[in-house]
Amino acid sequence: MPWAPIVIAEDHCKGCELCVTACPKHVLALDRSRINVLGYHPVELTDAAACTSCAFCARVCPDAVFTVWAAPREELQR
Amino acid sequence: MTLHTPGPESPAPGASAARLIYARPEVLRDRSTHYCPGCGHGVVHRLLAEVLTELDLPAHTIAVAPVGCAVFAYDYLDIDFVEAPHGRAPAVATGIRRVRPEAFVLTYQGDGDLAAIGTAEIVHAAARGERITAIFVNNGIYGMTGGQMAPTTLLGQKTTSSPFGRDAALMGYPIRITEMLAQLPGVTYAARGTIADVGSIGKLKAMIKRACQVQMEGGGFAIVEALSNCPVGWGMTPQQSIEHLKGPVVEAYPLGVIVDRGAVAQPTHDLGCPSPAHPEA
Ligand SMILES: Cc1ncc(C[n+]2csc(CCOP(=O)(O)OP(=O)(O)O)c2C)c(N)n1
Ligand code: SF4
Ligand code: SF4
Ligand code: SF4
Ligand SMILES: [Mg+2]
C-alpha cells in the first residue's frame, strides 16, 4: 500500500476547494465520484509522492480536515 | 486509491517513525460545524483552539459567545462558554471578570454584533480597560440573518438590504472600529489580520496569541479583528470570496498591529488581580 503523508477526515469536508488552491504541489482535488455524509464531494490526495507535507492545506482549511505527517526516512529514500 | 494511514505507532524494526506536522487541536471538538463551505469562522475557531492550547489556557477560560453565525461556538470549542444577548458579550465578559478575577476571559463576536448593536458595550469595555480579550470576526455583513448590510459593509457592496450597493450619501461609510478603539488608553493591544491565505493566517494566529498573552500578563483590553469572508452572503464561491478579501476588503481595512502598549510581564497563570491594570495613556 502506498504511504500517504496526509490523513483526510473526509466526512468533515465541505468541498470548498480552498485547500485545492492553497496546495503548492497541486495534488489535491475533489473526488467527484463520491459524496460524503454532509452531501459534498470530499477532497482527495491525487499524488502522495509529490506531497511535501508543507501543511498549507491544513492551515487554510476552515473545517480542520487534515492531519499532516512528514514521511519516515525510508519513504523519502524510495 | 487506498492509502496506508501513517502514524507514529510501531514503525518496523530499524525504521524511523513518521513525524507529526499538523493535527486538529483537541480543544476544537471532532465534529462538523454548521458553517457554510469556505466560511472563515472555521479558521478563526481553529486558530483560537491552537493558541489556547499553546498557552495552556483551556481549563482557565470562560468565553462569551455572540449572536450571529458563531452563536454555536460553544458546541465547537471545548471550553466554558456563556451565551450573551446580541452585542452584549463585552458586558457579560465584564461581569465574569469582576466575579472571577482569576479566569481567562474571552469574547468572540461578529461585525454586526460588535460594530452595530453592540457598539456601546465594546467601546465602554475598552474605555474601562477591562482585562478581556475580544476576537472580532469582520465579514462585512450580517451573515446569520441572510446577508444584510452591516456598518462594516464596503461602499458599493450589494447586500440583501442594499441591493444597489452601499451608497455613502444614503447609508454612510464603513466603520474601522478597531482603529477607533485603539485610541483609548485602556486598550493594551489592537490588531487586524485576515484568513485570506496561509501567510496571513500565520500572522493572525500570532496576533491572537499576543492578545491572549496581554491578558495573562495583567494588561488591559485586547482586541484582534479577523477580516473574514461570507461566501453565501457575498454571493460568491469560496475562492472568489478569498480574492475579494485580499483585494477591496484589505484595501478598506489595513492589516497590522494598530497599537501595542505593552503589558507588564508576569510569568504566571495567577490572574488574581481584582482590578484591571491600566497602562499609561
Ligand atoms: C436583539 C437582536 N436583534 C437582532 C437580532 C437578529 N440578528 C441575529 S444575527 C444578526 C447579525 C449578525 O451579524 P454578525 O455579528 O456580523 O455575525 P455573522 O453572522 O456575520 O458572523 C442579527 C441582526 C437578534 N438575534 N437579536
Ligand atoms: S479546505 Fe477543507 S473543507 Fe474545503 S475542500 Fe479542502 S478539505 Fe474540504
Ligand atoms: S501538505 Fe502541502 S503539498 Fe501536501 S497536500 Fe497539503 S498543501 Fe499539498
Ligand atoms: S452565512 Fe456567511 S458567516 Fe454565516 S456560516 Fe455562512 S458563510 Fe459563514
Ligand atoms: Mg458579520
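The values are calculated or read from the model by the stated rules, or taken from the named source; none is laboratory data. Nothing here was measured: the structure is a model prediction, and the numbers come from that model. Neighbour counts are summed over all protein chains in view; Cβ atoms, including those assigned to glycine, are modelled from backbone coordinates with ideal geometry. In case anyone asks, the SASA skips ligands and DNA or RNA and just uses the protein heavy atoms, side chains included. Shrake-Rupley method; radii C 1.70, N 1.55, O 1.52, S 1.80 Å.
Below, the figures for the structure above:
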{"quantity": "Condition check for A:ALA70: within 7 Å of another protein chain (Cβ to nearest Cβ), more than 19 Å from B:ILE195 (Cα to Cα) and touching a residue at least 24 places away in the same chain (Cβ under 8 Å)", "calculated": "yes"}
{"quantity": "Pair list, Cβ < 7 Å and 6+ apart or interchain, from region B:208-232 residues that are within 16 Å of ligand 3 (Cβ to nearest atom) and open to solvent by 10 Å² or more (accessible area, probe 1.4 Å) to residues that are in a helix (DSSP H, G or I) and modelled with pLDDT of 95 or more", "calculated": "none"}
{"quantity": "Positions within region A:30-54 being open to solvent by 30 Å² or more (accessible area, probe 1.4 Å), at negative phi and not hydrophobic (A, V, I, L, M, F, W, C), in sequence order", "calculated": "A:ARG32, A:SER33, A:ARG34, A:TYR40, A:HIS41, A:GLU44, A:THR46, A:ASP47, A:THR52"}
{"quantity": "Top-ranked residue of region A:41-55 - restricted to ones that are in a loop (DSSP other than H, G, I, E, B), within 11 Å of another protein chain (Cβ to nearest Cβ) and touching a Leu at 6+ places or on another chain (Cβ under 8 Å), ranked as nearest to ligand 5 (Cβ to nearest atom)", "calculated": "A:HIS41"}
{"quantity": "Per-region count, region A:6-37, residues within 7 Å of chain B (Cβ to nearest Cβ) and in a loop (DSSP other than H, G, I, E, B)", "calculated": "4"}
{"quantity": "Conditions (1) more than 17 Å from B:THR178 (Cβ to Cβ); (2) of a type in the set (A, V, I, L, M); (3) within 16 Å of ligand 5 (Cβ to nearest atom); number of the one not met by B:ILE135", "calculated": "(1)"}
{"quantity": "Helices (runs of 4 or more DSSP H) contained in region B:131-248 and holding at least 3 residues within 14 Å of chain A (Cβ to nearest Cβ) and not aromatic (Phe, Trp, Tyr)", "calculated": "B:198-216, B:238-244"}
{"quantity": "Qualifying residue in region B:33-45 (condition: within 14 Å of chain A (Cβ to nearest Cβ), in contact with a Pro (Cβ under 8 Å, 6 or more places away or on another chain), closer than 30 Å to A:LEU30 by Cα and more than 16 Å from ligand 4 (Cβ to nearest atom))", "calculated": "no"}
{"quantity": "Any hit, region A:3-11, residues being surrounded by fewer than 16 Cβ atoms within 10 Å (Cβ to Cβ) and more than 10 Å from ligand 3 (Cβ to nearest atom)", "calculated": "yes"}
{"quantity": "Residues of region B:191-207 that turn out to be under 14 Å from A:VAL60 (Cα atoms), free of Cβ contacts under 8 Å to residues at least 60 places away in the same chain and of a type outside the set (S, T, N, Q), as a count", "calculated": "6"}
{"quantity": "Test: residue in region B:173-195 that is within 16 Å of ligand 4 (Cβ to nearest atom), farther than 21 Å from B:ARG261 by Cβ and crowded, with 16+ Cβ neighbours inside 10 Å", "calculated": "yes"}
{"quantity": "Any hit, region B:49-71, residues being within 14 Å of chain A (Cβ to nearest Cβ) and of a type in the set (D, E, K, R)", "calculated": "yes"}
{"quantity": "Subset of region A:5-27 [among the small types (Gly, Ala, Ser) and out of contact with any Ser or Thr (no Cβ under 9 Å at 6 or more places or on another chain)]", "calculated": "A:GLY15, A:ALA22"}
